[in-house]
Each structure stands twice: as C-alpha cells, then as structure tokens.
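This report concerns only the one structure given below.
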Amino acid sequence: MTPSQFVKSTPPPRLRALISDISGYRVHSAPGVHRGLPSSDLTLIITLDETVDVSFESGPQVSYTALVGGLHSKPTQVEHGELQHGIQLGLTPLGARALLGVPAGELADTGIHLSDVLGPTAAELTERLRSATTWSDRFDLLCGELDRLTSPAALPSAELGWIWRRMAETDGHVPVSALADEVGWSRQHLGARFRREFGLSPKLLGRVMRFQSARRHLIAGNPAGLADLAADCGYSDQAHFNRDWREFTGVTPSQWIAEELPFVQGATHLGDASSGHDDEHDANRDLAPGPLPRQESGHPLPGRGVRLRRSPDRSR
C-alpha cells in the first residue's frame with residue numbers, strides 16, 4: 001500500500017494570529033472510522049478528493065467538501081474510504097471572526113459547510129486548490145486567498161484575549177480563579193463571557209488543552225510510561241488522566257495508543273513546504289500576552305458579545 005504522507009506549512013506572518021497551523025495530507029488506508037479529537041483550535045478542512053464524512057456527538061453524518069468544525073469536547077466520528085486527501089487548518093478564535101465572520105462560540109460542538117459562511121468563494125477556492133499540482137502551490141494559493149478574505153476583527157474584550165493567551169501558553173494550567181483575579185472579573189462573569197465567545201467553559205477548555213499537550217507528547221514518541229506522562233502534563237494522578245482521555249477520545253489511553261498512534265506515527269512526514277519559511281519562528285509567539293489594557297479608573301475595558309450571522313459573499 002502506498003505510504004501515507006503529511007506535509008506542513010508555516011502560516012505567513014500576517015496570518016499567524018488567525019491560523020495556528022496548516023497541513024496537507026494524502027492518506028491511503030483500509031476504509032474505516034477515524035476519531036476527530038478535541039483541541040484548542042477550530043478546524044477547517046478542504047478536501048482535494050472526495051468528501052470528508054463527519055458526525056458530531058448525537059448528530060447525523062454529513063458529507064463535506066469543505067468543513068468548518070468548532071471547538072468540541074467529545075470525539076467526532078470521521079468515516080473514510082481508502083483515500084483521504086486534503087488540507088487542514090487550525091483556526092484561532094480570532095481567525096474565526098476575521099476569516100469566517102462568526103465568533104467561535106457559535107460553532108461549538110458542530111460543523112458547517114465552508115460555503116455557509118463564504119458563499120460561492122468556498123467552491124471556487126476548493127476547485128483552485130484541486131487544480132494545483134504541488135503542496136507549495138496549494139499552500140501559497142490558500143494563504144493568498146485567506147489573506148484577501150480577512151476582515152478587521154477583534155475579540156469583544158481585551159480581557160478575553162488575555163485569558164485565552166494565558167491558557168494557551170500554559171496548556172490550561174492556570175486556575176480559573178487566578179485568571180479571574182488577573183482581569184478583575186468574578187469567576188461567574190468570566191465563565192459566562194468565555195462560554196459566549198468560545199463555546200466551552202474555561203475549566204473544560206483547560207482540560208482540553210492539557211489533554212492536547214499529553215497527546216503531543218505521545219505522538220512525539222515520549223518514552224515515559226502513562227503515569228509519568230500524566231505527571232509531566234500536570235495531572236494530579238493517572239486516574240484523572242485516564243478520565244480525561246476516555247472523555248475526549250471515547251476510549252482508554254492504552255486503546256488509543258494501540259489503534260491510532262501507529263497510524264499517526266507511521267505516516268511519512270515531508271517537512272515544511274512553506275515558501276520563505278523562517279526556522280526561528282515560534283508558533284506560540286503570537287500567544288504571549290502583552291499588557292492588559294485598562295480604563296482610567298483601573299478597571300478592565302468592557303466588551304460585548306455578538307450573535308451568529310451569515311457573512312456576505314466575499315467573492316469578487
């Protein structure tokens with residue numbers, strides 16, 4: 001069987017606050033079902049062959065040519081044939097607003113067609129990507145189009161941006177009470193504002209980030225046993241590690257390692273296809289929190305939420 005291939009691209013500087021990563025994949029395998037796992041990114045998938053067939057928790061299976069998936073805390077089910085071929089992007093919450101015109105909270109626990117927010121531009125972009133013949137050409141085309149589609153955007157308050165960055169840089173280890181103290185909010189107000197903007201509670205997202213860190217260690221080939229891995233990733237004990245793993249993957253850590261890890265590690269990784277890639281680039285540079293803006297009174301700046309809207313057709 002032809003080996004599976006993965007290739008990564010570094011988002012250009014102008015898009016790094018909006019896109020956390022870009023990867024291309026061409027996977028040959030027996031037909032089956034793959035688990036789509038929770039993470040701190042929204043997911044954008046544009047297929048280069050066939051469709052991606054996904055069911056979110058308790059929902060029907062839907063076939064997508066281009067999919068936008070929101071933050072979620074339960075595994076999705078991705079049914080696939082012998083070939084999976086496409087491009088996947090991780091979008092930040094700011095990226096959801098700037099590129100899609102919607103807050104991340106309105107997409108939580110669900111998926112939508114990219115055309116639902118971009119209109120005919122989504123199909124045009126997909127066809128252009130399918131016509132490109134190299135990964136470098138596809139990534140250049142994609143980033144150029146996303147740059148064109150980007151609209152000025154900001155989170156509804158400086159405090160939410162601060163809290164998100166603090167959580168991201170620490171893999172969710174800062175207690176919610178400490179985050180509330182840092183921005184001058186009550187825990188209840190923080191929780192309500194956070195869920196409205198991002199779709200998950202701060203405590204739940206912190207658990208997702210900690211799980212994501214553990215999964216990265218496993219994929220990287222960390223030789224430690226599960227108990228040591230749990231301790232290294234900030235779990236109080238292996239029981240809590242096992243609980244989160246079952247909740248976020250649907251199976252035990254040992255079962256996931258047996259069923260999914262060989263597939264992930266067995267692919268041929270082709271490196272970075274970015275043009276002008278800067279080896280010194282730190283993917284988390286844009287997550288480093290700057291000073292938190294305050295009013296003259298010393299209280300954090302106020303903000304407001306928004307509701308889901310269909311973006312106008314951005315095609316030319």
Q. Relative to the present Cα-Cα distance, how much length would full extension add between D137 and A227 at 0.36 nm per residue of separation?
A. 28.0 nm
Q.
Using a probe radius of 1.4 Å on heavy atoms only, what accessible surface per residue do you get for the range 1-101? Whole Å² is fine.
A. 37
Q. How do 96-104, 29-37, 120-128, 157-165 rank on mean C-beta neighbours within 10 Å, highest first?
A. 96-104, 157-165, 120-128, 29-37
Q) Could you give the length gained on full extension between E247 and F6, defined as 0.36 nm per residue of separation minus the Cα-Cα distance, in nm? A) 84.0 nm
(Q) Accessible area of the range 88-232 with a 1.4 Å probe: how many percent of it is carbon plus sulfur? (A) 49
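The values are calculated or read from the model by the stated rules, or taken from the named source; none is laboratory data. Every value quoted in this text rests on a predicted model; they were computed, and no experiment measured them. For neighbour counting, all protein chains shown are included, and Cβ atoms are generated from backbone atoms with ideal geometry for every residue, glycine included. With ligands, DNA and RNA removed, areas are computed over all heavy atoms of the protein, side chains included. Shrake-Rupley method; radii C 1.70, N 1.55, O 1.52, S 1.80 Å.
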